[in-house]
Amino acid sequence: MVVTGPARAPLLTMALRVEHDIFVVRQRGREVAAAVGLEHQDQVRIATALSEVARDLLHSAGGAEVAFVLVVDPTDGRRHLRVDLLPARPLPGGRYEPRSGAVARLVDKLSVVPREGDTVVRMSRRVPATAEVLTPERLTELRAELDRNAPGSALDELAAQNAQLIAALDEVRSQRDELAVLNEELAETNRGVMALYNQLTEELEETNRGVVALYAELDEKSAQLRAASESKSRFLANVSHELRAPVTAIMGLGRLLGDSASDPLTAEQARQVGLIRSSAGDLLTLVNELLDLAKAESGRIEPDWSEVDLRPVFGQLRGTLRALAIRPDVELVVEEPPVPSTLRTDEVLLAQVLRNLLHNGLKFTERGEVRLRAQRQDDQWSLTVSDTGAGIPPELHERIFEEFYQVPGATRVGGTGLGLPYARRLVTLLGGTLVVSSEPGRGSTFTVTLPVGGA
């Protein structure tokens, strides 16, 4: 800090020699603090700290020279009232510790600094920024006024201290009353918060009980659904098994009736026997699909994992399904898989899935082509079956994988609606996915994605 004013002179100096001087130092300190613009509370604080330090130095160093200086902090330009106390005798060890620990809290800074081979006890208090800026002329007038003012007696200072103490007590009492009001408000708020907390806790516990009950009900429903699904699978398996024998017998009798070694039939009889054999064939197909679906749902299908080469699988599909392309305007195209064309899977189940998809494409395509292609991407194979049929609306893309569902429309042909659900279950069993991409009038593409290394 630097001293303000061109004269760089203290505002006031005085000697501390006897007990009475302690009262004078306190009084003069309050006057100087008021003159430079400190607020009332800060005036009392610096005067109180000054009297405590003066008493300590009077007893330990025989007194001191006291100087009041107005300084400016060069770092922030703020003004400070500084009080330097030069002890009459050197301080023991060149150090000073106030007897009261409250002294350091009454001022902004309290320190011992060396000066001209001696030590000075220095304290300071910051002047409010709103205080009047003292010009050099005003500082000169202020010094003269302070010199002219005669210090009061010890009794006057004691009366002033008592008045300050009474004012402080009144302020403390007022703050105590305010604190009591705040404590009551806080207690009331706490009671409200606790009531709300208890209410929320009760509601949360009630909600938790409801959630627990809901989960218990869901578990019960899930168990019932599992039991119903198992019962359905057993029913389908039993009924399919029981129906297969009589249906096979009907087809055999139909073949015997139409055999050339049997008695000749009339044209109408031959037509009716053909209808019986055709209906029995459709019924046997339905029975076999129901039995396959029941096996898949019950988990009784275990894949036979092996390294499978797609080329012979595609070749077999090309040969067996070409005969089903009965429409002259529909071409079956089975592309050759890229090399290397191996993956770890179940050859029989994979061929069954692809055969099902190709058969569906041939049934629902009136002109154009049905194409099977394979493409490898990193560690996955994508096997796609695309057709140029009527297409499927987007909102039905998942429904076609539901059991017994068939897309309505003019292109609807015979079928059970079990082929696609069964195919998706088999693909899932092989560790892959089966999805469809289709739009009305733009055909359909079914994509089977399988890992190269198996599930």
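The values are calculated or read from the model by the stated rules, or taken from the named source; none is laboratory data. This one's a predicted model, so the numbers in the text were calculated from it and none came from an experiment. Note that we place each Cβ from the backbone using ideal geometry, even for glycine, and neighbour counts take in every protein chain shown. For accessibility, only protein heavy atoms count, side chains too; no ligands or nucleic acids. Shrake-Rupley method; radii C 1.70, N 1.55, O 1.52, S 1.80 Å.
Filtering region 416-455 to residues that are within 24 Å of residue 307 (Cα to Cα) and part of a loop (DSSP other than H, G, I, E, B) leaves 430, 431, 432, 452, 453, 454, 455.
Within the option set 85, 106, being of a type in the set (A, V, I, L, M), modelled with pLDDT of 85 or more, touching a Ser or Thr at 6+ places or on another chain (Cβ under 7 Å) and open to solvent by less than 50 Å² (accessible area, probe 1.4 Å) holds for one residue only, 106. When you check residue 119 against the structure, is it within 19 Å of residue 38 (Cα to Cα) and at pLDDT 85 or above, yes or no? No. Tell me, yes or no, whether region 60-67 has at least one residue that is in contact (Cβ under 8 Å) with a residue 12 or more places away in the chain, of a type in the set (S, T, N, Q) and open to solvent by less than 20 Å² (accessible area, probe 1.4 Å). Looking through region 60-67, none of the residues is in contact (Cβ under 8 Å) with a residue 12 or more places away in the chain, of a type in the set (S, T, N, Q) and open to solvent by less than 20 Å² (accessible area, probe 1.4 Å).
Matching residues to (1) modelled with pLDDT of 90 or more; (2) β-branched (Val, Ile, Thr); (3) closer than 14 Å to residue 309 by Cα:
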| site | (1), (2), (3) |
| --- | --- |
| 322 | no, no, no |
| 325 | no, no, no |
| 328 | no, no, no |
| 334 | yes, yes, no |
| 337 | yes, no, yes |
| 341 | no, no, yes |
| 344 | yes, no, yes |
| 350 | yes, no, yes |
| 358 | yes, no, no |
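The residue pairs whose first member lies in region 368-396 and is at positive phi, whose second member is in a strand (DSSP E or B), and whose beta carbons are closer than 9 Å, counting only pairs six or more residues apart or on different chains, are 368/330; 368/331; 368/387; 391/438; 391/444.
In this structure, residue 292 qualifies as of a type in the set (Asp, Glu), assigned to a helix (DSSP H, G or I), open to solvent by less than 90 Å² (accessible area, probe 1.4 Å) and at pLDDT below 75.
Within region 40-49, identify whether any single residue is in contact with a Gly (Cβ under 7 Å, 6 or more places away or on another chain), crowded, with 21+ Cβ neighbours inside 10 Å and β-branched (Val, Ile, Thr), and answer yes or no. Looking for residues that are in contact with a Gly (Cβ under 7 Å, 6 or more places away or on another chain), crowded, with 21+ Cβ neighbours inside 10 Å and β-branched (Val, Ile, Thr), one finds at least one in region 40-49, hence yes. Do you know which residues across region 375-387 are more than 17 Å from residue 431 (Cα to Cα) and either crowded, with 20+ Cβ neighbours inside 10 Å or of a type in the set (A, V, I, L, M) (or both)? Across region 375-387, the qualifying residues are 385, 386, 387. Residue 52 - would you say it is under 22 Å from residue 148 (Cα atoms) and of a type in the set (Asp, Glu)? It is false that residue 52 is under 22 Å from residue 148 (Cα atoms) and of a type in the set (Asp, Glu). Any idea which residue in region 244-286 is farthest from residue 356 (Cα to Cα), counting only those that are modelled with pLDDT of 75 or more and among the polar types (S, T, N, Q)? Ranking the qualifying residues of region 244-286, first place goes to 266.
Just to be sure, is residue 355 crowded, with 16+ Cβ neighbours inside 10 Å and not in a helix (DSSP H, G or I)? No, not satisfied. Condition test on residue 13, is it modelled with pLDDT of 90 or more, among the hydroxyl-bearing types (Ser, Thr, Tyr), outside any loop (DSSP other than H, G, I, E, B) and over 21 Å from residue 105 (Cβ atoms)? When the stated conditions are applied, residue 13 passes them. For the residues 113, 133, the requirement of being more than 54 Å from the chain's Cα centre (by Cα), farther than 24 Å from residue 20 by Cβ and open to solvent by less than 40 Å² (accessible area, probe 1.4 Å) singles out 113.
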